[in-house]
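S.K.: Take a look at the following structure, please.
The values are calculated or read from the model by the stated rules, or taken from the named source; none is laboratory data. Just so it is clear, the model here is predicted, and its values are computed rather than measured. Side chains are part of the model used for accessible areas, which takes the heavy atoms of the whole protein and leaves out ligands, DNA and RNA. Shrake-Rupley method; radii C 1.70, N 1.55, O 1.52, S 1.80 Å.
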Amino acid sequence: MAIQQPKPPPNQQLYEFLLFGSVSDSELPSLLHRLRGLADFATCGGIAFIDKEQTYKIEIGNTRSVVRVRQSLDNAEAPLQLIYTGQLDLGDANRPAGVRSCVHTACSNNAAECLKEMGFIAVYELILRGYVFRKGQMKIAVFKLYQPSGEGAGVPGAQLLSEHYLVELSAVTTSGHDNVGMEMRAFAEQLKPIVTMEKTDGVR
């Protein structure tokens with residue numbers, strides 16, 4: 001399944017709150033056990049996923065835009081996801097989580113061709129493999145990153161890029177809901193000492 005965010009309200013700017021961490025292979029069972037106890041019932045066991053993510057960029061003058069296309073490799077019927085995110089805002093030291101503007105939307109299977117016709121250039125391709133949990137509007141993804149062995153290749157033969165599992169805690173909401181960040185920080189405190197969540201992604 002492709003990792004998806006909840007369907008947003010129409011015609012409203014969305015913001016993604018984020019916290020990041022990482023755990024070793026030996027710490028993974030403890031983290032999954034903790035998450036099973038904290039997550040919503042529907043995902044308390046953790047949903048396994050394998051996604052392919054392609055990153056594209058376009059530069060016009062001094063402006064540079066980056067978008068990602070995410071495809072599920074274990075559910076052929078799942079729609080592709082087009083993802084745009086702004087720069088992570090870390091300016092407010094008192095803010096409990098990083099925040100950035102974002103757009104998450106389903107797209108057609110020819111998204112890559114459309115982006116190339118618009119002038120976007122493929123930058124790199126990754127495979128994400130791991131587990132996803134949900135707690136209210138929060139999403140907790142625990143995964144490893146791989147580099148495909150060739151264009152269009154899947155998991156077999158892919159090169160592991162990090163020995164650690166990345167932990168990404170996120171929530172998408174509209175403007176004026178900064179309390180989401182506080183809820184995320186409170187949830188992250190319950191994951192200690194297995195993993196310490198920070199506002200910056202030091203691995204990816």
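S.K.: Got at least one residue in the range 53-71 being at pLDDT below 95 and among the small types (Gly, Ala, Ser)?
M.R.: yes
S.K.: Report yes if SER30 is assigned to a helix (DSSP H, G or I) and at pLDDT 95 or above, otherwise no.
M.R.: Criteria met by SER30.
S.K.: Follow-up question, since we're still on this one. Give me the strands (runs of 3 or more DSSP E) completely within the range 114-182, filtered to those with at least 2 residues that are open to solvent by 80 Å² or more (accessible area, probe 1.4 Å) and not β-branched (Val, Ile, Thr), ordered by residue number.
M.R.: Filter on the range 114-182 gives 121-135.
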